[in-house]
1. Quick one: what pairs do we get from segment 33-49, first residue of a type in the set (A, V, I, L, M), second not in a helix (DSSP H, G or I), C-beta under 6 Å, 6+ apart or different chains?
2. In segment 67-186, which helices (runs of 4 or more DSSP H) lie fully inside it and hold 1 or more residues that are open to solvent by 40 Å² or more (accessible area, probe 1.4 Å), under 30 Å from residue 10 (Cβ atoms) and touching a residue at least 60 places away in the same chain (Cβ under 8 Å)?
3. With the requirement that a residue be within 12 Å of residue 91 (Cβ to Cβ) and of a type in the set (S, T, N, Q), what does segment 8-41 give you?
4. Looking at segment 1-27, which of its residues are open to solvent by less than 100 Å² (accessible area, probe 1.4 Å), assigned to a helix (DSSP H, G or I), at pLDDT 85 or above and not hydrophobic (A, V, I, L, M, F, W, C)?
5. Residues in segment 28-46: is at least one open to solvent by less than 30 Å² (accessible area, probe 1.4 Å) and in contact with a Lys or Arg (Cβ under 9 Å, 6 or more places away or on another chain)?
Amino acid sequence: MLNKYRSNVKGYLEIIVKPLAKMGLTPNQLTLIGLLISLTGAYFFAHGSQQIAALVLLFGSLVDALDGTLARLTGKSSRFGAFLDSTFDRISDGAVLFGIAYGRLVKWEIAAIALIGSYLVSYERCRAELAGSGTLAVGIAERAERLLIIIITALFKRVDIGVYTVAVLAWITTFQRLWEAKKRLS
């Protein structure tokens, strides 16, 4: 859902990215920095610091939005860069939910259900697009929405509610994508 607004912020992202390009920062380096920031957020969750974790993840989500812009602006877009970004996003998602569960902020079973649903959302898109569905960016809770839910609820020290919500919405999105893929690939 939030991807629909990406074009509205494109100009702002380019303003932020231009000095980074002048510094010689590569898109893949920025992707790695984004992962490290997410891992830091997971660390704070693991130690029960929900609000600090939320602020770290908020900053990390900004950095995560910049790598693609940097790649396009510098002409360094690559298939490997897209693959690396997607892989690091999965590591980040898993680490954040693991940190929340490790910090006993939610039952590990709920974190696992949220994680499996989140991974399926990404997997379905990749697999359907490889099968020829065209872009399968459908559903009510893509990665950006799920991350925003975690951030907002953590700011109010109720990340448990966020994880429950993500678990439900990720599975709804999984079924939405399954249905859409069936329509497109049948």
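The values are calculated or read from the model by the stated rules, or taken from the named source; none is laboratory data. The structure displayed is predicted, hence computed values, not measured ones. All Cβ positions, even for glycine, are placed from backbone atoms using ideal geometry, and neighbour counts span all protein chains on display. Quick note on the areas: whole protein, heavy atoms, side chains included, nothing else; ligands and nucleic acids left out. Shrake-Rupley method; radii C 1.70, N 1.55, O 1.52, S 1.80 Å.
1. Listed by first residue and then by second, the contacts come to 46/103.
2. Ranges flagged: 143-155.
3. Scanning segment 8-41 gives 31, 38.
4. 14, 19, 27
5. Step one: filter segment 28-46 for residues open to solvent by less than 30 Å² (accessible area, probe 1.4 Å), giving 30-31, 34-35, 37-38, 41-42, 45-46.
Applying the additional criterion that residues be in contact with a Lys or Arg (Cβ under 9 Å, 6 or more places away or on another chain) yields none.
Within segment 28-46, none of the residues are open to solvent by less than 30 Å² (accessible area, probe 1.4 Å) and in contact with a Lys or Arg (Cβ under 9 Å, 6 or more places away or on another chain).
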